[in-house]
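Peer 1: The structure that follows is given in the form of structure tokens.
The values are calculated or read from the model by the stated rules, or taken from the named source; none is laboratory data. Since this is a predicted model, take the numbers as computed values, not measurements. As a convention, Cβ positions derive from the backbone with ideal geometry for all residues, glycine included, and neighbour counts pool all protein chains shown. Protein only, heavy atoms only, side chains kept; ligands, DNA and RNA dropped before computing areas. Shrake-Rupley method; radii C 1.70, N 1.55, O 1.52, S 1.80 Å.
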Amino acid sequence: MVRPEPLRIGVLASGRGSNLQAIIDAIEAGKLDCRLAVVVSDRADAQALERALKHGLKGVFADPKAYPSREAFDQAVLAVLAEHRVELVCLAGYMRILTTAFVRALSGRIMNIHPALLPSFPGLHAQRQAFQYGAKVSGATVHFVDEGVDTGPIICQAAVPVREDDTEETLAARILEQEHQLYPRAIRLYAEGRISIIGRRVLVREDP
Ligand code: GAR
């Protein structure tokens with residue numbers, strides 16, 4: 001599919017922003033034909049906002065304390081995304097659960113990256129969960145966001161073996177390397193119109 005204009009993406013991030021950086025790097029290297037229209041954070045001190053600034057991108061701090069409810073906050077974030085004509089929202093370490101209204105407003109247009117092979121180890125500290133459980137393989141998942149927590153249709157996954165000499169930190173670091181490859185790839189598939197969602201299954205048309 002040839003787009004008249006590059007896909008406009010918005011990234012929501014709460015912290016370090018290394019996945020945001022991977023997306024920025026892929027765009028700057030010409031490997032991902034997208035426009036990063038806006039980065040929104042719910043934390044004023046998020047490194048993700050510094051990264052946006054450094055690359056001349058629009059960064060917006062949305063303060064949850066400034067709104068009376070989660071619903072009102074999410075409506076404000078939706079307004080920022082609409083103002084920047086965002087077509088695909090990428091959650092990258094965004095540590096808030098989205099409201100139903102937010103998810104419904106952008107159904108099939110929100111992706112998330114999770115540091116485990118879903119449906120194993122959803123929720124917080126997925127790398128720790130896998131390590132403590134004694135899993136032999138963990139990894140990373142990019143999925144569409146539905147109204148549950150880490151339950152939406154899976155777009156792509158990368159497996160990471162758990163080594164006997166791993167610590168939680170070394171495992172998390174190897175998973176993160178995979179995340180940085182996987183997220184730009186998933187966004188590219190979407191931008192190229194190669195993804196269809198059929199119920200729970202995501203079908204990907206590979207390169208001809
Ligand atoms: C990443 O490992 C991401 O998969 C995880 O937070 C980290 C953010 O790192 N997300 C979740 O756990 C969501 N459930 P980053 O800010 O450096 O991209």
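Peer 1: Pairs, please: C-beta under 9 Å, at least 6 apart or cross-chain, first residue at positive phi and within 12 Å of the ligand (Cβ to nearest atom) and in the range 145-159, second of a type in the set (A, V, I, L, M, F, W, C) and not in a loop (DSSP other than H, G, I, E, B)?
Peer 2: Cβ pairs passing all conditions: 150/126.
Peer 1: Could you say which residue among 80, 40 is within 16 Å of the ligand (Cβ to nearest atom), in contact (Cβ under 8 Å) with a residue 40 or more places away in the chain, farther than 15 Å from residue 191 by Cα and touching a strand residue (DSSP E or B) at 6+ places or on another chain (Cβ under 7 Å)?
Peer 2: It is 40.
Peer 1: From 7, 53, which residue is open to solvent by less than 30 Å² (accessible area, probe 1.4 Å) and more than 13 Å from the ligand (Cβ to nearest atom)?
Peer 2: 7
Peer 1: Something else now. Which ranges mark the strands (runs of 3 or more DSSP E) fully within the range 62-158 that have 1 or more residues being aromatic (Phe, Trp, Tyr) and either modelled with pLDDT of 95 or more or open to solvent by 30 Å² or more (accessible area, probe 1.4 Å) (or both)?
Peer 2: 137-144
Peer 1: Answer yes or no: is there a residue in the range 12-28 that is away from the ligand (no atom under 15 Å from the Cβ), of a type outside the set (Gly, Ala, Ser) and not in a strand (DSSP E or B).
Peer 2: yes
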